[in-house]
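The values are calculated or read from the model by the stated rules, or taken from the named source; none is laboratory data. Keep in mind that this is a model prediction, so the values were computed, not measured. We place every Cβ from the backbone using ideal geometry, glycine too, and count neighbours over all the protein chains shown. Quick note on the areas: whole protein, heavy atoms, side chains included, nothing else; ligands and nucleic acids left out. Shrake-Rupley method; radii C 1.70, N 1.55, O 1.52, S 1.80 Å.
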Amino acid sequence: MQETKLWINGQWEQAQRTYELTSPYSGEVLAKVAKANSQDVERAIEGAHQAFQTFKKTTAYERAEMLYKVVDIMRKRKQELAEILAKEAAKPISAGVAELDRTIATYQFSAEAAKQSTGETVPMDAAPGITDRIGYTKRIPLGVVSAITPFNFPFNLVAHKLGPAFAVGNTVVLKPATQTPLSAIVMAEIFKEAGLPDGCLQIVTGSGGELSDTLVAHPHVKKVTFTGSGAVGLKLKEKVGLRKITLELGSNAAVIVEPSAPIEKIVSRAVSGAFGFAGQVCISLQRIYVHASIYDEFVRQFVMETKKLRVGDPLDTNTDVSAMIHPNEVGRMQAWIAEAKIQGAVIATGAEFTERTLSPTVVTNVTAQMKIVCEETFAPIVSIVSYETLAEAIALVNESELGLNAGIYTNVLTDAMYAADELEAGAVMINDIPTFRVDHMPYGGVKMSGYGKEGVKYAIEEMTNLKFITIKTTF
Ligand code: NAP
């Protein structure tokens with residue numbers, strides 16, 4: 001069986017403790033994974049600080065070339081990497097390949113961004129009495145970045161930290177999710193082969209809760225970048241002090257379907273947004289608000305399409321939906337659905353459980369107070385609600401404390417623009433589901449969904465200091 005080690009200063013190091021990694025789908029033991037302690041993390045941070053002293057002096061060309069090599073290597077190893085996702089995350093193989101395609105794009109955007117980190121000239125003579133000064137800005141790397149990542153996109157969300165950080169000359173200590181260490185560990189090999197100097201990437205596997213204080217509050221850590229749940233994000237924000245922090249958190253994403261939308265053209269897309277990777281996506285479609293005039297027909301077609309999805313083995317190319325990440329998560333959904341039913345919710349399809357799976361579930365007759373509506377479900381479940389006016393639909397979307405992406409389908413331009421202005425979200429998709437994301441667009445939530453932005457260029461802004469330099473041109 002595979003036994004993993006910690007990746008510190010370009011060497012594989014045995015940890016004092018290990019934990020067993022099991023497959024979410026079959027329960028079989030996949031690996032014995034190194035469990036770092038806080039001294040390991042301290043050494044990793046100190047090594048990354050040391051490596052930064054030379055890495056910050058590399059040229060944009062050198063960093064871009066290294067990232068382009070990562071792109072090449074990942075292209076060649078795509079299928080093998082997707083299989084890691086199927087095993088450790090129960091991600092259906094087709095979804096795994098799609099994640100790898102996006103990951104490769106994220107590293108490619110990062111390689112391109114390495115060469116575009118520019119500043120601006122400040123017109124110094126705009127100030128009264130200034131006649132002999134030039135002023136300009138430039139972006140300066142921060143130093144050691146602590147990156148803490150979740151289980152649901154283990155390659156691409158790691159890429160959203162490593163790509164921008166390395167593009168501008170930062171070094172990184174990466175702490176992947178306990179359930180998805182293998183996809184992070186393989187990146188050590190890939191970056192080494194691509195020529196990243198030792199110490200620039202440190203990978204410490206183990207418990208986020210145990211390692212949190214060191215990862216966040218070590219004096220050499222200059223930036224924390226976290227993707228994960230709101231509860232953990234809030235704790236980190238309280239600990240981080242004056243360091244920079246980016247928090248990419250959860251949501252209960254919604255779409256509005258206006259009467260002008262052609263139902264038959266949007267249903268299958270909405271179904272994929274609701275049930276992709278068993279709904280364990282931060283912008284998974286969880287709430288659908290449909291105008292009363294088309295509600296019954298929309299529900300009928302949506303349920304019909306949902307019933308076509310196949311639940312099964314993530315390694316089977318015909319599987320659409322596989323296991324949830326842990327049996328406890330299935331248990332949580334069992335309780336939430338039971339509670340919603342007592343409160344009057346109606347199951348239109350789904351709600352069939354095994355120890356590890358929940359079948360794609362569509363619920364109607366819900367209220368805004370039900371947990372399956374107002375909290376992030378992070379599960380293959382969606383509710384469909386009828387409304388009378390667009391203002392009412394927008395108010396229902398905004399009732400949530402969360403606000404990552406939102407969507408509206410309409411052919412009426414003025415309604416689309418009204419919704420774009422009024423929806424409380426980090427991004428609004430017109431004529432698409434909120435699950436849409438490409439990796440160079442600005443991405444990050446409002447309200448309890450996040451703090452700061454990712455999307456390569458925007459992550460770079462948050463991973464650098466803006467330095468101003470002025471030259472007096474005469475004595
Ligand atoms: P999670 O439980 O919050 O874990 C995320 C990471 O934080 C893991 O590496 C975890 O380590 C670590 N962690 C846990 N407790 C910690 C603590 N006290 N201090 C420091 N780190 C700690 O989230 P998850 O279940 O993996 O992922 C699901 C959540 O992520 C959902 O809420 C989802 O919406 C959100 N998400 C957001 C985005 C976005 O871009 N906005 C993208 C994807 C996912 P362990 O695994 O060792 O506990």
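Cβ-Cβ distance of SER268 and PHE475, R₀ of 60 Å, FRET efficiency by 1/(1 + (r/R0)^6): the value works out to about 0.25.
Rounded to the nearest whole Å³, what is the per residue volume of the convex hull around the Cα atoms of the stretch 319-459?
Values: hull volume 20.0 nm³, N = 141.
Enclosed volume per residue, from the Cα hull, is 142 Å³.
Using C-alpha pairs below 8 Å separated by at least 6 residues, the relative contact order for the chain is 18 percent. Ignoring aspartates and glutamates fewer than eight residues from LYS222 along the same chain, the ones with Cα atoms less than 19 angstrom from its Cα are ASP40, GLU42, GLU46, ASP213, GLU238, GLU248, GLU454, GLU461, GLU462.
If I compute solvent accessible area with a 1.4 Å probe over the protein chains, what percent of it on the stretch 14-132 is carbon and sulfur? Walk me through the numbers on the way to the answer.
On the way: 2830 of 5870 Å².
The C+S portion of the solvent-accessible surface of the stretch 14-132 is 48 percent.
Here the accessible area is traced with a 1.4 Å probe on the protein chains. For the stretch 254-439, carbon and sulfur cover 51 percent of it.
Rounded, prolate or oblate: which one fits the chain, using the alpha carbon gyration tensor with axes a ≥ b ≥ c (rounded when a/c is under 1.5, else prolate when a/b beats b/c, else oblate)? Oblate, because a/c is 1.5 or more while a/b does not exceed b/c. With K and R counted +1 and D and E -1, the other residues having a Cβ less than 9 Å from that of ILE140 yield a net charge of +4. For the stretch 38-105, the list of trypsin sites (Lys or Arg not before Pro) that fall in a loop by DSSP and count at most 16 other C-beta atoms within 10 angstrom reads LYS56, LYS57, ARG77.
Rolling a 1.4 angstrom probe over the protein heavy atoms with all chains in place gives the stretch 350-452 an accessible area of 41 Å² per residue. If the segment from ARG75 to LEU413 were pulled out straight at 0.36 nm per residue, it would be longer than the present Cα-Cα gap by 117.6 nm. For the pair the stretch 90-106 and the stretch 217-249, the centres of their Cα atoms are 27 angstrom apart.
With every protein chain present, what is the per residue accessible area of the stretch 82-164 (1.4 Å probe, Å²)?
Numbers: 2990 Å² over 83 residues.
Here the residues of the stretch 82-164 average 36 Å² of exposed surface.
For the pair the stretch 134-196 and the stretch 48-84, the centres of their Cα atoms are 9 angstrom apart.
Taking a Cβ cut-off of under 10 Å around LYS35, the surrounding Lys, Arg, Asp and Glu residues balance to a net charge of 0, with basic ones at +1 and acidic ones at -1. Element breakdown for the stretch 161-207 at a 1.4 angstrom probe: carbon and sulfur atoms account for 51% of the accessible area.
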